[in-house]
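Reading through the C-alpha cells given below for one structure.
The values are calculated or read from the model by the stated rules, or taken from the named source; none is laboratory data. The structure displayed is predicted, hence computed values, not measured ones. For neighbour counting, all protein chains shown are included, and Cβ atoms are generated from backbone atoms with ideal geometry for every residue, glycine included. Quick note on the areas: whole protein, heavy atoms, side chains included, nothing else; ligands and nucleic acids left out. Shrake-Rupley method; radii C 1.70, N 1.55, O 1.52, S 1.80 Å.
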Amino acid sequence: MRDFRKILKFPSLLVLLSLLLLPAGKGLQAQVDFDGLFLKPESGVSIKVQSLYDGFPRSGFLPIHIAIENNTRNTLAWNFKFQIPAYGNNSLSHALRMEVPGGRKAERWVYLPLGEMGSALGDRYEQVVCQVTGPGVQSGSMRAAMENKAYQGTGLVLLSERVGQVNGSAVNDVLEKKEQPKRSRSGWTETLFEERLNRWGKREISLNHTVLDLRRIPADARSWAGVEALWLESKDWQELEPAQQEILQNWVWAGGVLYLLHTPEEGRGLSLGHWGFADEGKEPLGFGLGRVHPISWSQGVLDAKEAAAEMYDLLTNPAQPCSEDFEENNWRRRYDLGKFPVPTLWIVVSVLAFVALVGPLNLWWLAARQRRHLIFISTPLLSLFTVLLLGLAILGYDGMGGTGVRSALVLLSGGQMPAVVTQEQASRCSFLLKRSFPVEEQAVLAYLPKSGEPGNRFERSVDEARGDWFSSRAVKAHFLKYSLPSRAGVEHGSAGSGSLISRIPATLEVLYFLDQEGTWWKTGRLRTGESVPLQKVEEKEFEDWLKTSLNDTSLNLQFLAQSVAGRRGYFYALSRGQTPGADFSVPVDTLDSIRWKDDLVLYLGPVGGEK
C-alpha cells in the first residue's frame, strides 16, 4: 500500500506523521501506520491504524480500523486518543483503551464522531490526530496526523471496485474542469442554490470518493452515516451478506442516494431487496428520504459527464444538513430565543458599592490610620464580596438552565423500516451546573458553529457527550439524526370506510394524504388510535400548508420535507410538543436543564394497511 510520509522531529522527540490522502480511483486507502515507525524494534509489538475511507465525511462518523499484534508473553494495554480539529478552533476528542493478551492479535473498528456539520463544500475537517500511549511506543507517547486532502471536495461518495477502478478518475477529471452540465433548479431554495454555485465556481473542487470492496465495510450503520452516495453494480449487491444488505437499505431509507448500475438485459424486471423498478429500470425510485437511480451501462464504462452531473448535484444539495443555515441566519426559529439581558442597573450599583467600600469605608473605618496594615486583608475581602454580589445579581437575572426551540422531521413506516428522526435545535443557556448529557451510540450529533465565537472543545464517548456542546451564557445550536425501531405510523381504516387510523403516540393537528391515484385528502385533529374520515382537497392547499408550517425552520429541513412531498401513498402530519413515551420520544432530549418550548414535529411516511 503506497503512502507518502513526512516526519518532523521536535526537541521533545514528538514525531508528527502526515499522510496524504491518495486518489481513491487507484483503490488505495489512507492510513496512519505506526508499525515499525513509532515502536521500538525489540518491543515485539505491531500497531496499525487505518481509515476506511480516503476522504472525510461532511458529518456522521469516520470509521477507523485498529490492529494490534502482541508477540510478548504478557498482557499489554494501549490508550488511543483521537482528536479531530475543525474549522474555527473547535475540536472533538474520542478516547479508548485496547488490551491484548500475550501472543495474541486483536482488531477493532472505531467510529470517530465528527463534532461539526460540514458546509456545502465539506471544508470543516483538515486532519485527524491520533495519539498512542503504551508499551513499546517510543518516548512512551507518539502522535500521528492523517490529512484530509478532499476537504474542499464533494460529499463522501463510495464506488464499488467494479465501478470505480475504471471510472473514478474520469469523473473526477470532469469535475475539476467544471465541464458538467448546469441543471436548472426551482422552489424554495433557488437563491441559496445560486449562491452556492457561485461560491463553488471560484474554487477548485474534487470528487471526494473512495473505491473499495463493499464487503469490507463493517455491518454497522455508523459506517454509512457519513456517506452521501453509493455507486455499485447489481452483482455487488448480490455479493453482500444479508446483514450488509439490510444496513444498506436502511441507509437509503434515511436519505442515502444509491446509483444502481445494470446491463440492459437486467433492467427488464430489475428487483433488489425492497426495490422493484418499472420502465426497464430507467426511472429513479424514491425510498423514504433517499432514492435509488437505476442506470444502464455496458462494458463497465460510465458516461463521465453525466456521472459528474450527479456528483455536482450532491455538492449543492442542501438536503444534506450543514452549518450554513445557522451561520447565514436562514433559521428563523432561533430568533425566538431573544438576546441575553444585560443587568445594567445591578452592574452600576455593584460598581458604585465597590468604590464606596474600597475607598472611604475601607480607609476611614476598616483600615483606619492606627490599623492601616489591615488594608491588605480588607481590600481582597471587599473585592470578593463585590464579585459574589455581582455574580448573584447575574444569576438572579438570568436564572438557571436555559430555554430552547426544536424542530424535527420524522419518517415512519409502521414498523417495516426504522423510524428516522432529523432534529435541529437551538438554545440560549443561562448558568449551567451540568453540561454533559446522554446520547445514543449510533446517533449523529453535530454542533452548528457561529463565526466569531471562541474555540470549543467537545468530547463524546459511547453513550455520553461532554464539553462545550452547551455553555453558560451562550447560544448553542445542534443537529441530530438517529434511527430507532418503531411501529408508529398511519394505517387505512376498515375496507371501504375512507378513513385513516393514527398509530403515532401524539396528537396530530392536521394530516394530509396523497393516494395512489394522485388525489389529495385531509383530516382534522387526529389522536392516537382514532379513526377519522378523509376530506378531498386540492394540491395547492397542501403546498401552502407545508410551506407555512415549516417557514420558521431551517432551509435544510424545508428542502428535506419538500424532496418527499408529493410521494404517492404518503401521509404528512404536524404535531406540536414532545411525543411522550419511553421507546419513542420525539424530539429527543439532550441537556435536561434546558426548557424546550414550542416543539414542532413533522411526521411523514407511507400509509400502511389495506385501503
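Can you give me the % of accessible surface on the range 464-517 that is carbon or sulfur? Probe 1.4 Å, all protein chains present, nothing else counted. Intermediate results must be reported in sequence, preceding the final value.
Working: 990 of 2080 Å².
Solvent-exposed carbon and sulfur of the range 464-517 make up 48 percent of the total.
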*For the range 502-611, which GluC sites (Glu not before Pro) are both in a DSSP coil and crowded by at most 15 other Cβ atoms within 10 Å?*
E509, E517, E530, E538, E610
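Of all accessible surface on the range 385-460 at a 1.4 Å probe, what whole percent is carbon and sulfur?
Values: 1820 of 3030 Å².
That fraction is 60 percent.
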*Could you order V607, V157 so the one with the most accessible surface comes first? Probe is 1.4 Å.*
V607, V157
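With a 1.4 Å probe and all protein chains kept in place, how do D515, D544 rank by accessible area, largest first? Working shown, then result.
Values: D515 5, D544 75 Å².
Reading off the accessible areas and sorting them downward yields D544, D515.
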*Each residue of the range 502-514 in order: what ³J(HN,Hα) in whole Hz does its phi give by Karplus 6.51 cos²θ - 1.76 cosθ + 1.60, θ = phi - 60°, with x for Gly and Pro?*
8, 10, 8, x, 7, 8, 8, 5, 7, 9, 10, 9, 10
_Could you report the accessible area of R333 in Å², rounded to 10, computed with a 1.4 Å probe on the protein chains as they sit in the structure?_
20 Å²
*Taking the alpha-carbon set of the range 484-605, what are its Rg and Dmax in Å?*
14.8, 49
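Run the numbers for L345 and T379: contour at 0.36 nm per residue of separation, minus the present Cα-Cα distance, in nm. The partial results should precede the final answer.
On the way: separation 34, 0.36 × 34 = 12.24 nm, distance 2.37 nm.
This chain segment gains 9.9 nm when fully extended.
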*With all protein chains present, calculate the accessible area of D463 using a 1.4 Å probe and round the result to the nearest 10 Å².*
100 Å²
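Sort the range 509-548 into rounded, prolate or oblate with this rule: let a ≥ b ≥ c be the square roots of the eigenvalues of the Cα gyration tensor; rounded if a/c is under 1.5, and if a/c is not under 1.5, prolate when a/b is larger than b/c, oblate otherwise. Show your work: numbers first, answer last.
Working: a/c = 2.48, a/b = 1.33, b/c = 1.86.
Oblate shape, in that a/c is at least 1.5 and b/c is the bigger or equal ratio.
Ordering K547, K597, K481 by how much accessible area each has at a 1.4 Å probe, largest first, what is the list?
Ranked from most to least accessible, the order is K547, K597, K481.
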*So how exposed is R332, as accessible area in Å² (1.4 Å probe, rounded to 10)?*
120 Å²
*Heavy-atom accessible area per residue, the range 471-568, 1.4 Å probe: how many Å²?*
47 Å²
